[in-house]
Amino acid sequence: ANRICPSPCAMASESKSSALELKAVEHAKNGELKLLKKLYENPKDEKLSPDARDADGETGLMWAAGRGWLEVVKFLVSKGASLELVDHWGFNALMLAAQCGKLEVCMFLVENGASFTARSTGPKGGRTARQLAAAKREMRVVSYLLRKERESGMFSGMFSPVMTEFEAKTHRLVVKNIPAYAQHLAKTGVRGVFACGTCGESMTLSEEERKTVIEAWVHARNTLNLPLVIIAQVGCESVQAAAALAGHAQAVGADAVSCMVPTFFKPPSVKEAVAFTAKVAAAAPGSHFLFYQFPGMTGGTMKASEWVEEAKVVMPNLAGLKFTSLDVIDYAMLCQNDQKNQFAFLPGYESAYSAFAAFNNSTGRRFGGVGGCSNFMNGLTARFIEIADADLPSGEKFKKLEAITTLLRRVDAIAKKASFTAVLKVAMQRLGVATSIAVRLPARELSDEEAHWVKGELDALYIDVEKLLGGSSA
C-alpha cells in the first residue's frame, strides 16, 4: 500500500530480463535477501544484471527502496545497481523511498551518491525526492532532504529577481514569454529565480495573478528541463493570504518560499514579525523558507539578525533570507551568529556586494545573492561570485570585486532617472525576452524618449562590461 501502482502502459510492457533476473527482482521486491544472494552466488553461468526490470518496468532496487528493505538495497548497490535509473513514472530509487517515508533507505542512497536534486521526468515531472516526500507528508524525510539541500549550497550563486510582464495598453498579465525568459537565465548560468518580488511588482498583482506567475515559472522550468531553483515571494498584508500563496507555491513545485512583513500594519516588534512569517513558513513545511528583509520598502527598524535568532527556533524549514538593506553591521551579525553556515544570507543591493562578500569570507560562506542585474548582465555577476569564492589574497580579491561593483553601480545611476524595474524591463526587451516594458500603477511609465535613453545607457555600459570580461556581457 505504501508503494505506487505501476502505470497502465508499464503494466502492459514486456520485460527483456531473463527468467532468473525476473526472479531476482521478485526476491528484492519481497525483501527476500537470502534468496536474492543465493541467485547471485549461483547464477548458473548467467551473469545477472542488478538493473534488470520486471514486467512493470521496475528494478529490484526500486522495489526494495520503496518498500524500505534496507539490507536488500545495500546488497543491490554493492552489486552495481544504478541509483539514477527511473521507472515509467519518471521516479528513481531515492524518489520512491522518499515518498514512501523510508528515511534510512534515503540516507543510505544519498550517502552512496544518489542525487537529491534530480527531478522526476514523467508526465507530472519536475519534482525532487524532497517534494515527493512533502506531498505524502513524510516529514522526517523532508527534514533530512531540506538539510542536505542547504548543505549542498542550494542557495549559493546568483538568483535573478524576475520582472513581471504586462500588456502595453491594458496592463493585463503576460506569461507567454516566461519560457524564453527561463531559457535565457539558464543559459547565462544563474542559479535560480526570485519570482513575485519587488522587481516582479508583486504588490500590484492579485493573488490569482501571483499564482499564475509561479505556475508559469515552474511549468517552464520543468518542461524545458532547466536547472533553475524557483523561489516564490508570497508576502501580503494578510497572513492568511500569504500562507495560502505559500501552500500553493509548494503544491505546484516551487523550491522555496519567501515572505516580507506587512507594510501597512507593521509588526511592533521582532516577536510579531516572527509570528507572522512562521505562519507562512508552516503553510509550506516541505519547502525552504527565506525571510525577505527590505526595510526600505516595509519600513521599521527591525534587524534581520534579531529575526533569525528567534525564527530559527520555531521554523524547521528556515533556509535564510534575502537581505535588501545597506545595514552592513546587521549583515555582519548574521554571518557572525552563523559560524557553521547553516543559513544563506542573499544580499539584494548589488552596489554593496563587495562589502557583503567580506563577511561571507569571514566564515567561509559561499557567496549567493539576489541581484537584478543578473537578469541581463549575469556574465558580470557570475564573475563577481567566481572571484568572491576564490582563494585569493584579500587585497587582490577586493580590488577585482570593487571593479565589478563599480560597473553594477552604474545601473543604479541609470535607475535614478527611471526606476530599476523600468530599466530591467527595457533590458529584457532589448534581449528579446520581453515584448512590453509596461509597468502597473502607481509606478510611472517610461516615455519613448526615456526608454530610448535607457537603451543607450545600457549599450554604453555593455561595452565596458565586455572590456572587463573579455567577452559577452550577458
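Which sequence of Phe159, Phe359 reflects their accessible areas, 1.4 Å probe, from the largest down?
On the way: Phe159 0, Phe359 60 Å².
Result of the area sort, largest leading: Phe359, Phe159.
Sorted largest first, the spans of the alpha carbon positions of region 65-183 along the three principal axes are 64, 31, 27 Å.
Note on Ser115 and Leu468: their simple-model spin labels are 3.3 nm apart, each label 7 Å out from Cα toward Cβ. Sorted largest first, the principal axis extents computed over the alpha-carbon atoms of region 62-109 equal 25, 21, 14 Å.
Before I look further, what does the chain give for accessible area per residue, probe 1.4 Å, in whole square angstrom? Don't skip to the end; give the middle numbers.
On the way: 20510 Å² over 474 residues.
That works out to 43 Å² per residue.
Could you tell me the distance between the Cα centroids of region 427-469 and region 64-118, to the nearest Å? So the separation of the two Cα centres works out to 48 Å.
Just flag the GluC sites (Glu not before Pro) in region 374-452 sitting in loop per DSSP whose Cβ has no more than 16 other Cβ atoms within 10 Å. Intermediate values should be presented prior to the final figure.
Details: sites: Glu386, Glu396, Glu402, Glu445, Glu449, Glu450; in loops: Glu445.
Taking region 374-452 and a limit of 16 other Cβ atoms within 10 Å, the loop GluC sites (Glu not before Pro) found are Glu445.
Ratio of Rg to Rh for region 360-403, alpha carbon only, Kirkwood?
On the way: Rg = 10.8 Å, Rh = 11.0 Å.
When Rh is taken as the Kirkwood radius, the ratio is 0.98.
Derived scalar couplings between HN and Hα for region 245-253 equal 5, 5, x, 5, 4, 5, 4, 8, x Hz in order, rounded to whole Hz, by the Karplus curve 6.51 cos²θ - 1.76 cosθ + 1.60 (θ = phi - 60°), x for Gly and Pro.
The simple spin-label model puts a point 7 Å past each Cα toward its Cβ; for Ala390 and Leu22 those points are separated by 6.0 nm.
Measuring only protein heavy atoms, the 1.4 Å probe finds Phe398 accessible over about 60 Å². The length gained by stretching the chain between Ala415 and Lys187 to full extension, at 0.36 nm per residue less their Cα-Cα distance, is 79.5 nm. Relative to the longest principal axis of the Cα atoms of the chain, the long axis of helix 420-430 makes an angle of roughly 70 degrees.
Multiply the residue separation of Asp327 and Glu207 by 0.36 nm, subtract the distance between their alpha-carbon atoms, and state the gained length in nm to one decimal.
On the way: separation 120, 0.36 × 120 = 43.20 nm, distance 3.13 nm.
Taking Asp327 through Glu207 to full extension adds about 40.1 nm, to one decimal.
The relative contact order of the chain comes to 11 percent, based on Cα pairs under 8 Å that sit 6 or more residues apart.
How large is the Kirkwood hydrodynamic radius of the chain, in angstrom, based on all distinct alpha carbon pairs? If you can, show how the numbers build up before the last one.
On the way: mean 1/r = 0.0418 Å⁻¹.
Answer for the chain: a Kirkwood hydrodynamic radius of 23.9 Å.
Inter-part distance, region 339-367 to region 369-386, computed on C-alpha centroids, equals 15 Å.
Could you work out the per residue convex hull volume over the alpha carbons of region 363-474, in cubic angstrom? Walk me through the intermediate numbers first.
Numbers: hull volume 12.8 nm³, N = 112.
Measuring per residue, one finds 114 Å³ for the Cα hull of region 363-474.
Basic side chains Lys and Arg get +1 at the Cβ, acidic Asp and Glu get -1 at the Cβ, and with that the dipole of region 233-326 about its Cα centre reaches some 40 debye. Computed over region 89-139, the range of Cα coordinates on each principal axis works out to 28, 23, 14 Å, biggest value leading. Taken over region 207-340, the alpha-carbon convex hull comes to 112 cubic angstrom per residue.
Please find the FRET efficiency linking Glu445 to Lys34, where r is the Cβ-Cβ separation and R0 is fixed at 60 Å, and quote it to the nearest 0.05.
The calculated FRET efficiency here is 0.20.
Determine the relative contact order of region 109-169: mean sequence separation of Cα pairs under 8 Å and six or more apart, normalised by residue count, in whole percent. Display every interim value, and only then the final one.
Numbers: 31 pairs, mean separation 12.8, N = 61.
That works out to 21 percent.
When a 1.4 Å probe is rolled over the protein heavy atoms, the share of accessible surface on the chain that falls to carbon and sulfur comes to 55 percent.
The values are calculated or read from the model by the stated rules, or taken from the named source; none is laboratory data. Remember, it's a predicted structure, so these values are computed and weren't measured experimentally. Backbone-built Cβ (ideal geometry, glycine too); neighbour counts: all protein chains shown. SASA here: full protein model, heavy atoms, side chains in, ligands and nucleic acids out. Shrake-Rupley method; radii C 1.70, N 1.55, O 1.52, S 1.80 Å.
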